[in-house]
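S.K.: Encoded as C-alpha cells, here's the structure I'll be asking about.
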Amino acid sequence: MIEARDTGSRKTPGRGRGRDFWPDDDTKPGRRLPSPKLLFGGAAALVAVVVAAVAALLLTGGDAAEKAAPKQVLPTAYTPDYNGEGFRQIAERSADRRAITEGEAFSAKELKSAGYSFTLAASDLSSDCKAATWGARLQGDLAKFGCNQIARAAYVSADKKHVGHFIVINLSGVEGVKQILRDLDPRTNAGWPVLLKAPGVPATGAGFSAAYAKTYGHYAVLTLVERAGGAQPASLNEMIDVSLVIENAADFLYGRLDLASTGTPGQ
C-alpha cells in the first residue's frame with residue numbers, strides 16, 4: 001500500500017496546510033478535500049494494468065471502446081472520508097425524508113472548475129439498490145442500512161480526455177454510510193455500484209481509476225475518475241483535481257441541508 005501525497009495539485013495551498021488539500025473557495029460545510037491518498041496495488045500492479053489494456057486494444061482493434069462498461073469495476077486508488085462535518089443535521093433520513101428526484105440529482109448538466117469542463121453524458125436514478133450494484137456483501141449492507149435510492153451519472157470532459165462518475169446512495173443514517181464506505185474499499189472486494197457507460201469514450205474499468213467517497217449526512221457520495229481508457233495519470237493530483245470538479249454535482253444536497261436547518265424536518 002503506497003501513500004500518495006497531494007503536493008503539486010493545482011489547488012493545493014502553500015501556507016502550512018501540510019498534507020491536507022483544500023479548495024480556494026471552500027465555503028460550504030462538509031466540502032472537505034481528501035487527506036493523503038492511499039494508492040492500493042503498487043507499481044507492479046499498475047504496470048500489469050497498463051499492459052493488459054494495451055493488449056486488449058491491439059487484439060480488438062479498438063472495438064472495446066464502444067462496449068458497455070464491465071459490470072464489476074473496482075477503483076485502483078480509493079480514499080474514504082467518514083467525517084461528515086457540516087451535515088450532522090441530516091445525519092438521519094428522518095430529518096430529510098423526501099426522495100431524491102432526477103431534477104435534483106442531475107441538475108448539473110455541466111461542471112467547470114480548475115480548467116476542466118465536463119458535460120453530463122449518462123444518468124440513472126433507481127430505487128433498486130441491488131440492481132444498481134454488484135457484490136453480495138455490499139448488497140447485503142445496502143439492504144441492512146435502508147438503501148432506497150442510488151443516483152448514478154457519468155460526465156465526460158470537453159476534450160474527451162477524462163471521465164468522471166458521480167454516485168449518491170440514500171441510506172437511513174450516517175452509521176450505514178460509514179459501513180458502506182468501508183465496503184467500497186477495493187481490498188474487501190465487497191462490491192461497488194455498477195458504472196454507467198458514457199457514449200463516445202472507452203468504458204471505465206480497463207485501467208487506472210481513482211475513487212473518493214464522502215459522508216454527506218445520510219448520503220454516501222462517490223466520485224470515480226480516470227483518464228479516458230484508463231491510462232495512468234501523470235500524478236494522483238490530476239485525479240484529485242478532476243474528482244473535485246465532479247463532486248460539485250453534489251451541490252443539491254446543500255439545499256436539503258438548508259431545508260433541515262430552517263426548521264422543516266422531514267420535508
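The values are calculated or read from the model by the stated rules, or taken from the named source; none is laboratory data. Everything numeric here is computed off the predicted structure, so don't read it as measured data. When we count neighbours, we look across all protein chains shown, and the Cβ atoms used for this are built from the backbone with ideal geometry, even at glycine. Quick note on the areas: whole protein, heavy atoms, side chains included, nothing else; ligands and nucleic acids left out. Shrake-Rupley method; radii C 1.70, N 1.55, O 1.52, S 1.80 Å.
S.K.: Inspect all residues belonging to segment 228-240 and state whether any of them is small (Gly, Ala, Ser), under 21 Å from Ser94 (Cα atoms) and touching a strand residue (DSSP E or B) at 6+ places or on another chain (Cβ under 6 Å).
M.R.: Scanning segment 228-240, I find no residue that is small (Gly, Ala, Ser), under 21 Å from Ser94 (Cα atoms) and touching a strand residue (DSSP E or B) at 6+ places or on another chain (Cβ under 6 Å), so the answer is no.
S.K.: Just one of the numbered conditions (1) crowded, with 22+ Cβ neighbours inside 10 Å; (2) without any contact (Cβ under 8 Å) to a residue 12 or more places away in the chain is not true of Ile246; which one?
M.R.: Going through (1) crowded, with 22+ Cβ neighbours inside 10 Å; (2) without any contact (Cβ under 8 Å) to a residue 12 or more places away in the chain one by one, Ile246 breaks only (2).
S.K.: Identify all residues within segment 102-122 that are open to solvent by less than 60 Å² (accessible area, probe 1.4 Å) and either of a type in the set (Asp, Glu) or free of Cβ contacts under 8 Å to residues at least 12 places away in the same chain (or both); write none if there are none.
M.R.: Selection gives Gly103, Glu104.
S.K.: Right, another one. What pairs come out if I take residues in segment 249-264 that are within 16 Å of Ser94 (Cα to Cα) and open to solvent by 60 Å² or more (accessible area, probe 1.4 Å) and pair them with residues that are modelled with pLDDT of 95 or more and of a type outside the set (S, T, N, Q) whose C-beta lies under 8 Å away, six or more apart or interchain?
M.R.: Listed pairs, sorted by first residue: Leu259/Asp96.
Let's see how each residue does on (1) without any contact (Cβ under 8 Å) to a residue 24 or more places away in the chain; (2) more than 15 Å from Leu244 (Cα to Cα); (3) assigned to a helix (DSSP H, G or I):
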site: Asp124; (1), (2), (3): no, yes, no
site: Asp141; (1), (2), (3): no, yes, yes
site: Gly146; (1), (2), (3): no, yes, no
site: Ala154; (1), (2), (3): no, no, no
site: His165; (1), (2), (3): no, no, no
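S.K.: A further question on this structure: Please identify the pairs in which a residue from segment 71-86 that is under 15 Å from Tyr212 (Cβ atoms) and open to solvent by 40 Å² or more (accessible area, probe 1.4 Å) has its Cβ atom under 8 Å from the Cβ atom of a residue that is part of a loop (DSSP other than H, G, I, E, B) and among the charged types (D, E, K, R), counting only partners at least 6 apart or on another chain.
M.R.: Filtered contacts from segment 71-86: Pro80/Asp185; Asn83/Arg32.
S.K.: Related question: What about Ala234, is it closer than 19 Å to Ala77 by Cβ and without any contact (Cβ under 8 Å) to a residue 40 or more places away in the chain?
M.R.: Answer is yes for this residue.
S.K.: Inspect all residues belonging to segment 179-197 and state whether any of them is hydrophobic (A, V, I, L, M, F, W, C), part of a helix (DSSP H, G or I) and open to solvent by less than 10 Å² (accessible area, probe 1.4 Å).
M.R.: The answer is yes; a qualifying residue exists.
S.K.: What number goes with the only condition from (1) open to solvent by 10 Å² or more (accessible area, probe 1.4 Å); (2) in a strand (DSSP E or B) that Thr223 does not pass?
M.R.: Failed condition: (1).
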